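Trainee: Let me begin by handing over the structure; questions about it come next.
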Amino acid sequence: MFWQGGADLFDAGRSIVAPQTSKGVAANVMSATDAILFGIVLLVFAYAIAFGFVLDLSPETRERLPANSRALTSVDACGKREPLEAFAHRGDPGLHDC
């Protein structure tokens, strides 16, 4: 997304010099801003997924993270740490077999 945003900004600069070759400065700048902001959102989601669900951080490292970046965990009957899910599995005993 960052490459797309950079290319759109380049097109915006090029359209200032030669207005006939592109769709216009405003459209290219808005498209570039949209692509760059979407790229930032994708990075935030990737960070949240990686550090919230994929990587198992030590307690010391987890404490150094900002409070809004910590994934809450619970300990099930088997003693395994599991992330708290937004939609709890209600009454399904097969989901937590040891």
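The values are calculated or read from the model by the stated rules, or taken from the named source; none is laboratory data. Here the structure is a predicted model, which means the values were calculated and not measured. Cβ coordinates were reconstructed from backbone atoms using ideal geometry, including for glycine residues, and neighbour counts include every protein chain displayed.
Trainee: Output the residues belonging to segment 1-30 that are more than 23 Å from the chain's Cα centre (by Cα) and not in a helix (DSSP H, G or I).
Mentor: Within segment 1-30, A18, S22, K23, G24 meet the criteria.
Trainee: Across segment 10-26, what is the total count of residues that are modelled with pLDDT of 90 or more and surrounded by 14 or more Cβ atoms within 10 Å (Cβ to Cβ)? Even if it seems obvious, please write down each step before you answer.
Mentor: Initially, segment 10-26 is screened for residues modelled with pLDDT of 90 or more, giving 10.
So of that shortlist, the ones also surrounded by 14 or more Cβ atoms within 10 Å (Cβ to Cβ) come out as none.
Of the residues in segment 10-26, 0 are modelled with pLDDT of 90 or more and surrounded by 14 or more Cβ atoms within 10 Å (Cβ to Cβ).
Trainee: Another one. Between a residue in segment 34-57 that is farther than 23 Å from A12 by Cα and at pLDDT below 90 and any residue that is not in a helix (DSSP H, G or I) and not small (G, A, S), which pairs come within a Cβ distance under 6 Å, given they are 6 or more apart or on different chains?
Mentor: From residues that are farther than 23 Å from A12 by Cα and at pLDDT below 90, the pairs are F53/P83.
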